[in-house]
Structures are given as structure tokens and as C-alpha cells.
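Single-structure report; data block below.
The values are calculated or read from the model by the stated rules, or taken from the named source; none is laboratory data. This structure is a prediction, so every number in the text was calculated from the model and none was measured. Cβ placement follows ideal geometry from the backbone for every residue including glycine, while neighbour counts extend to all protein chains displayed.
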Amino acid sequence: MPDDDMTDVQLESRLREQEYFSPPPEFVGQANATDRDIYDEVGEFPEGFDRYAELLDWDERWDRTFDGSNPPFFEWFVGGKLNASHNCIDRHLDERKNQTAICWEGSDGTQENITYRDLYRRVNETAAALRARGVEEDDVVTIHLPMVPALPITMLACARLGAPHSVVFAGFSAQALAERTDSADSDYIVTIDGYYRRGAFLSHIEKTDEALDLADREPDVLTWLRHDEPQADISDDYIRMGDLLDEHAGERVDPVSRDAEDPLFLMYTSGTTGKPKGCQHRTGGYLAYVAATSKHVLDIKPGDTYWCAADIGWITGHSYIVYGPLALGTTSVMYEDTPDHPHKGRIWEIAEKYDVDIFHTSPTAVRMFMKWGEEYPERYDFDFRHMTTVGEPIQPEAWLWYYKHIGGEDAVIVDTWWQTETGGHLLTNLPALDDMKPGSAGRAAPGIEPALLDDSGENVPEAAGQAGNLVIERPWPSMLQTVYGDDERFIDTYWADYSDTDSDDWRDWTYKAGDGAVQSQDGYWRVLGRLDDVMNVAGHRLGTMELESAAAEVEQVAEAAVAPREDAQKGEVPDVYAVVREGVEESDAVRAEIVSAVEAEIGKFARPANVVFVDDLPKTRSGKIMRRILENISNGEDLGNTTTLRDPSVPEQIREQTVGE
Ligand code: WT7
């Protein structure tokens, strides 16, 4: 807990109050949520959430909204049955079969408009193909695909069969893929020969080749192709999706009716140990909550063109590219390549080309656009009515730039705080109902009960501008069900700190978010960042322990610790502090090995910013590494309290070594 961090002058200046911006009347006039009563109605616990579930088609209606009898294993819409693929596709066919569901822009500007009818056909054929290869209800299918149509199609085909998917972000390494395949007990990997990065073909399938060598399991591999002909070597053992689809052309698969509580997917995320956690999400509560927040927070209407420029390989893409928007029957844009390819105006060019109404991105991207300059967006004729940020705190300067230069001062902005675990937005304004305040997520979403606790579990006074641990005091429908295969870890990570774990009463259970936050006097929440050993690098969540164990794999390294360094562009970047073994020279070669070990174990996106060699790491008497002190060194701050260290002189030595670098 960074107590010293949270009370000092630096925090004060970060919390400088900002002025408010009202939503433009044209926005308010057309918004989905315009009545403040929604807070009271949805807040009627638990039946208030029935309104969310009623946005969906159910095969059988639920008997009970909520069952809290076995905390923290809460159940939602108990007795209800539904299928997510039916809700995202079939039910829209009567009204909008010829409307584009997914509008895909390839790296080279190729466009694919997949209508709801096309999506229906392709998802059915894919489901038939998967089933023919043995995929059955409850089999976990690992999907390692980039931003190509095959990704949402495979996800929805799995959902149709009732087979939970586990999408592994394409940027993850072979090792990370192997680890997640094993951890999820998955017998299938779905991949592709390659895709485009900055205009160049990037071979991807080799990560699967390697993962098969590394994994304990022996999953079947099904592969899509980026073009008609393979662009990389494909093992004869792999099944080509194209061939399978030909065999199953025109086939239909009845959507498997799933219990509301049956899992829809797993999403692995970094935690405070070296092992990523498989957050398990349920079908009914998840889909109901993401559909409702897509409607009320993102203001999505079926006729809109909506673009969330995230990657589907992270939770943002699951909830707010695929499931939420498609459940509402809108048009969701997907783009394959990076924002600067082939020029820094690409994003705005696409926004103009498809006449995007609602745009969704991360503060990291906004800071990058800001650095590139307003001349890029100025060249294009686009007009957003609504914009979202997600993933990290947004600095007021970046917010103001986004508002002015991208929103043209007449689009609303919602800053949405949530997590892989929460499934959907928890802190955010409903855009027509409250003014925006740069840098603040705003109020709690309807039905959500956040609070702040100090380290001993006492309540921090409400709306007092004081920092504390952000917790959620009441369950909500899209919360994770458990950590796949590890209920104990689920309880330890999210509940043990602030709950009476002996109690059967759900009211005694409090969800710990792992973030620090403040609530200012106007009731608006501002999330400050992680309090545990989890970093946020360009909106990607990384556990310091995962980075450390990768660095420690290098033979010459005796010990390594990782600390986040603040970075103007990426928010945070990892610094590695390494102690080499006796007799090893502290060289650039060892540095390079550490960097490549991280790339191999996790992925290139996790690359350390600096590798610093030190003689010793700051440790407590019991041998625990005090990363907080390394973080202070990385960020040029005061060392803070060093009296609990076994050797209090270590930090100064490190500082000297660092400065001497
Ligand atoms: C962590 C969750 C939620 C989808 C993307 C990230 C940070 C997220 C905000 C925000 C301040 C934010 C938190 C959170 N975070 N949104 N609007 N303001 N911080 O999902 O990878 O699970 O990361 O991202 O620290 O705990 P994730």
C-alpha cells in the first residue's frame, strides 16, 4: 500500500479540481438514458438488474434474479436459459439482416462489410466445422487470433456451441499461449497463418508450433488463412478452416441453450503472482450487463456506426467490440493494423470513410495522437457524437485535447473505469445525465456500490477527497464467477482482505479492486491506479512477478525485480533491476538476454524500458523485495521509509549505480 504516495503534495496537485463540461443539448436530445430514475430503478437490489436481462432474448426466463447463498460464488438470473450467439446474431435477422454487423478494414485498406446475414452464415458454418472436429458444449477453445473477422466469428461460433472461448491476445508469445492452453485444460487452439503489422506480413502460426512443444497438453490446431493461399509454413497436422468450411458450407447449427450461469468465456489476466488468472465469465449476467452498459453508457443504437479501437484479445474488445454492440444490433468497426500505418491520419481517415458516430479508445492512444499533432485529425471530415476512454486514468490535458481536437467540442466523453474481472463498466457517468469532469470517471454506474476503505478495512469518509482502496460492496451481474480451476485464488485475491470469509451472508463480502481511488465532494470518482504489483503499460496489464520470473530465467541473472517507471506516452513502462551471478560481467549482452527473455515469455509489448544492474535489491528482514523503493528510484522520487530494510544502505547504493549508468 503506497500510503506515503497517497497523501503527499504530488497527489494534491494531481487532484487539482477541474471545471465541468455539459453534454451538448443535441446529444441529450437523442440519448438512450435521459432519466435519472434509472439509478433508483436499477439500484433496487437485486431485481433492478432484471431490466438489463430483459434486453436479451431468453429461451427460458430466470426464476430468481440473484442467489447470494454461497458467497462469493454468486449466481445471476438463476434458472434462465439463453444463447449468446443467438442474441448477437439470429434475433436481429428479421429487422436488419442486410445491415453491416462487422465492418472490417484490413491493413491495406481492403474493406469487408459483414452483414448480420453474412455473420449468421459464417458463424453457423464455423460452429458446424468446430463441432465436426469434436468441439462440444463446455470444451474450452483457445483462440490466438489477431484483428481479423475470423476472431469474432470463431468466438461467436464457440458461444453457439456452448464451448467457452479463451482468447489469447495475438501479441502474446508462444510460451504465454502454451501456459494459457494448459491452464484452461484446452484441447483446441484456433490460429491463423499471419496478419499485417505496419503493412508487412507477420507470420503468426509459428507461435502455435512452438506452443505445442512447450505445452503439456496436445491440443488440436485449427488454422485460418489471412489470404486464399497460405503465406507461412503450415504443419500437416493442422486442420485448415477453409477446407472444413467447404465441407460444411450452408450448414446450420442450433444455438445450444445455456444456463445463465454456464461460462461464456475465460480471459486470462495478470495478477500479483507469476501465474495469470483465468477470469471466468458467465453467459446471462455478463451478456445482460454489457448490453445494458453499451446502451446506457456508450449510447449505442442499432443504426449507429460504432468503433472501439481496442483489440478483441483484451476484455475491452470482448465486451465492447463483440458482445455488447452486437447484442444491440449495431455496426461495429474493426481495424487490423496500427494507427500510424501508412500515415498518422489513418484512424481519422477510417472514421471519415465509415462515418463513425461513436469512438472508443485508450488514454495512451490519446496521448499519442496528441503528440502527433492536431494537423492529422484536421485533414479528415468525421463527426463523433460520443467518445470513450478506458484502461488508465486520463490526464486532464489529454482529455481536453481529445475533447477539442477529436470531439470538436460537441461530442460527449465518458471515462469508464472497470477491469477484466468486472466484465463491464462500473464507474462512469451516463453521458446525458451528468457533466463531464476531465480526469474523473464520474459516478458509479446504476446499481453499483463502490466504497473506499483504509488498510485496516475502515470506511474512508464519503466524498471527502481522501484516497483509499477501491472496493465494490454489492455483487453485480457481470462480475467474474471465479478464477478458472482455482476457487481459493479467487477468494484470496478479491475477497479475503475485506470480507468476513466465514459468513454465508453476501452482505459481509466485499470485492477488492486492487486500485486506489478518491471520491471528490461532488461524488465523482477518480481512480489513481493499482495498489498491487500490477502495472499498466500502454493500457496493457502486466504483473511485475511475471516480468521478474522471465528475467530470472536468464542464466547469468541471480535475482531480478521490476518496478514501473512513469512514461509520458505509455503511462508506465517496466524497469528491470538485476543482480548478476558471481563472476558474470554486467554487459549489454546480458541486458539483451533479459529483454529477449521477457519477449519470449510474455510478448514484445512487455519489453522492459531499462535494465539496470545493481549489487543488491532492497529487501525487508524477512527477505521480501521492496518494489516500492525501486519504483521511487525509477521515478526520481524520495526513497520514503527505508528503516524496515535488512540493509538500509541498499537504496542509496542503487540510486548511485542508476545515476552512474
Ligand atoms: C485496470 C484494469 C477495463 C478494460 C481495460 C483494462 C485500470 C481501467 C480505468 C480508468 C483509471 C483505469 C485500473 C484497473 N483502469 N480503466 N477509466 N481510469 N484506471 O482492463 O487489463 O483488466 O485492467 O486498469 O487500474 O484496475 P484490465
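Miscellaneous remarks
- Number of positions in segment 631-649 that are of a type in the set (A, V, I, L, M, F, W, C) and under 19 Å from residue 564 (Cα atoms): 2
- Selection within segment 408-421 - more than 15 Å from the ligand (Cβ to nearest atom) and surrounded by fewer than 21 Cβ atoms within 10 Å (Cβ to Cβ): 408, 409, 410
- Scanning segment 499-513 for residues that are within 26 Å of the chain's Cα centre (by Cα) and within 17 Å of residue 448 (Cα to Cα) gives 509, 510, 511, 512, 513.
- As for segment 355-368, it holds at least one residue that is of a type outside the set (Lys, Arg), part of a loop (DSSP other than H, G, I, E, B) and within 16 Å of the ligand (Cβ to nearest atom).
- Among the residues making up segment 294-341, those that are on the phi < 0 side of the Ramachandran plot and charged (D, E, K, R) are 295, 301, 304, 311, 336, 337, 340.
- Test: residue in segment 548-565 that is within 15 Å of the ligand (Cβ to nearest atom) and surrounded by 20 or more Cβ atoms within 10 Å (Cβ to Cβ): yes
- Residue check, residue 209 without any contact (Cβ under 8 Å) to a residue 60 or more places away in the chain and either outside any helix (DSSP H, G or I) or loosely packed, with under 12 Cβ neighbours inside 10 Å (or both): no
- Meets criteria (in contact with a strand residue (DSSP E or B) (Cβ under 8 Å, 6 or more places away or on another chain), part of a strand (DSSP E or B) and among the acidic types (Asp, Glu)) for residue 532: no
- Of the residues making up segment 74-98, those that are assigned to a loop (DSSP other than H, G, I, E, B) and touching a helix residue (DSSP H, G or I) at 6+ places or on another chain (Cβ under 6 Å) number 3.
- Of the residues making up segment 342-361, those that are within 25 Å of residue 301 (Cα to Cα), touching a residue at least 60 places away in the same chain (Cβ under 8 Å) and surrounded by fewer than 23 Cβ atoms within 10 Å (Cβ to Cβ) are 350, 353, 354.
- Complete set of residues in segment 508-538 that are in contact (Cβ under 8 Å) with a residue 60 or more places away in the chain and more than 16 Å from the ligand (Cβ to nearest atom): 508, 509, 522, 523
- For residue 638, the test of being assigned to a loop (DSSP other than H, G, I, E, B) and within 16 Å of the ligand (Cβ to nearest atom) is failed.
- Check on residue 596, surrounded by fewer than 22 Cβ atoms within 10 Å (Cβ to Cβ), among the polar types (S, T, N, Q), modelled with pLDDT of 95 or more and under 30 Å from the mean Cα position of the chain (by Cα): yes
- Only one entry in 588, 575, 615 is closer than 30 Å to residue 371 by Cα and among the acidic types (Asp, Glu), namely 575.
A quick yes/no check of all residues on (1) outside any loop (DSSP other than H, G, I, E, B); (2) touching a His at 6+ places or on another chain (Cβ under 6 Å); (3) under 19 Å from residue 399 (Cβ atoms):
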site: 429; (1), (2), (3): no, no, yes
site: 432; (1), (2), (3): no, no, yes
site: 439; (1), (2), (3): no, no, yes
site: 446; (1), (2), (3): no, no, no
site: 455; (1), (2), (3): no, no, no
site: 464; (1), (2), (3): no, no, no
site: 468; (1), (2), (3): yes, no, no
